[in-house]
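Below is one structure, written out as structure tokens; the observations come after it.
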Amino acid sequence: MKIWSATFGCKVNQYETELLRQRMSNGGNQFVPSPIDADLCLINSCSVTAFADKECRQMIRMVLRSNPHARVIVTGCYATRSPQELKTISDRVEVYSNAEKDSLPSCLGFEISDQPLGIHQFSGRTRAFLKIQDGCQAPCRYCIIPTVRSTLWSKPVRDVTAEFQALLANGYQEIVLTGIRLGLYRGNGQEKVDLVGLLRLLVALPGTFRIRLSSLEVTEVSAALVSFVKDNPKICRHFHIPLQSGDDQVLRSMGRWYGSAAYRKRVDLIKGALPDAGITADVMVGYPTETDDLFENTYRFIDEIDLSGLHVFRFSARAGTKAASLEPLDPRVVSRRAARLGALDQALKSRFYQRFQGTLREAILEPTGEGWTDNYIRIQAPEGMTKTGLALVPVWSASEERGEGALKPHRMKSTQSTAAE
């Protein structure tokens with residue numbers, strides 16, 4: 001059977017697609033790069049914003065048009081939130097929720113091995129994502145994730161270690177630990193092992209590799225975690241910590257459980273222990289209770305704490321959330337605010353890059369020559385440098401003219417995804 005797959009959304013979703021691909025690869029099945037050539041088309045959906053829903057529907061319609069004979073399978077968060085909405089697109093669309101995702105290969109008639117769920121490679125990537133946690137029960141009034149991924153789950157330590165070692169054996173030198181609420185990891189049943197405890201076991205494994213942590217809520221960035229990262233060079237010097245707003249009134253309205261002072265204190269803790277660390281954040285613009293003055297508070301706060309980059313996204317009303325009943329702001333106002341934060345993001349990146357101009361940083365290089373430093377600077381390898389994987393490379397600021405051996409940071413566009421990314 002020829003299979004084609006597509007993934008929307010966060011690293012957790014990307015991991016889950018890769019897991020499905022590997023579980024469906026038995027018996028001579030072949031994965032193809034185009035839906036036109038496939039017998040089965042698998043779409044793993046996201047539903048964190050209305051834009052994500054729209055992209056998924058467009059993808060489904062494209063697949064239906066381009067291949068009138070293939071089975072079309074949709075799973076993921078959109079499939080969990082609104083299965084009937086997806087089924088109305090066509091009677092050819094088969095929908096499976098997140099709860100059904102693990103059993104999806106069996107439901108489709110694939111032969112499944114008895115081995116524990118896990119991956120040993122990550123198709124098309126130099127670095128691998130490893131899901132160790134799932135579920136969120138946070139009180140955020142705008143977010144659909146606690147509805148579509150409500151059950152808290154942590155992968156047993158033994159399974160994490162085995163999967164980690166399998167990825168190392170296949171040559172992956174950067175492994176990104178990911179989860180919906182990564183900081184809530186508690187493995188091993190009654191003998192709870194928290195994230196720091198797991199990291200302690202992983203860094204002790206032999207080999208040349210580094211570990212990157214995906215998004216962590218600010219209340220989960222403990223002093224113990226910061227101290228452990230400081231003492232262990234195998235862990236990347238980068239923290240992605242959702243902020244959402246720098247104004248306390250908006251944070252309360254959103255249902256966030258911390259204030260700006262607590263966020264600032266945690267950023268100061270990281271900078272004091274790890275002055276070279278990159279600290280990036282998710283920021284939402286256009287929450288219905290955000291006035292011009294409150295937005296200005298957010299802008300000033302971000303500028304003052306001097307983050308190294310932002311992921312800016314716009315409020316999107318999600319049916320079933322408390323914020324869905326609020327009166328939305330004028331889209332033109334939201335666009336202006338998003339543009340201002342986008343410009344601030346570029347200024348923050350530029351300031352951060354310039355601090356490291358001409359210094360050597362460890363980076364994971366891809367076949368294209370691009371890569372990420374340990375503290376999350378996007379670089380381009382010097383001409384003639386062909387090594388892939390971990391390497392020491394010089395960093396140059398965005399203002400440098402490219403010459404032999406010079407590097408320029410890649411400017412990243414903000415997207416419509418969220419913290420779990």
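The values are calculated or read from the model by the stated rules, or taken from the named source; none is laboratory data. Since we're looking at a predicted model, the values are computed, not measured. Cβ atoms come from the backbone with ideal geometry, glycine included; neighbour counts cover every protein chain shown.
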For segment 310-327, give me each residue that is in a loop (DSSP other than H, G, I, E, B) and either over 14 Å from MET254 (Cβ atoms) or touching a residue at least 60 places away in the same chain (Cβ under 8 Å) (or both).
PHE315, SER316, ALA317, ARG318, ALA319, GLY320, THR321, GLU327
Of the conditions (1) buried (at least 22 other Cβ atoms within 10 Å of the Cβ); (2) within 25 Å of THR321 (Cα to Cα), VAL63 fails just one. Which one is it?
(2)
Can you spot a residue in segment 233-248 that is among the charged types (D, E, K, R), touching a strand residue (DSSP E or B) at 6+ places or on another chain (Cβ under 8 Å) and either on the phi < 0 side of the Ramachandran plot or assigned to a loop (DSSP other than H, G, I, E, B) (or both)?
yes
Out of segment 330-348, which residues are buried (at least 19 other Cβ atoms within 10 Å of the Cβ) and either under 19 Å from the mean Cα position of the chain (by Cα) or not in a helix (DSSP H, G or I) (or both)?
ASP345
Report whether or not LEU152 is buried (at least 19 other Cβ atoms within 10 Å of the Cβ) and either within 25 Å of CYS46 (Cβ to Cβ) or over 15 Å from the mean Cα position of the chain (by Cα) (or both).
no
Any residue in segment 1-20 that's without any contact (Cβ under 8 Å) to a residue 40 or more places away in the chain: show its pairings with residues that are among the aromatic types (Phe, Trp, Tyr) and in a strand (DSSP E or B) at Cβ separation under 6 Å, as long as the two are six or more apart or on different chains.
ILE3/PHE31
May I ask you to list the residues in segment 139-174 that are touching a residue at least 60 places away in the same chain (Cβ under 8 Å) and either among the aromatic types (Phe, Trp, Tyr) or in contact with a helix residue (DSSP H, G or I) (Cβ under 9 Å, 6 or more places away or on another chain) (or both)?
PRO139, CYS140, ARG141, TYR142, CYS143, ILE144, ILE145, THR147, VAL148, ARG149
Any chance you could count how many residues in segment 174-217 are among the polar types (S, T, N, Q) and modelled with pLDDT of 95 or more?
3
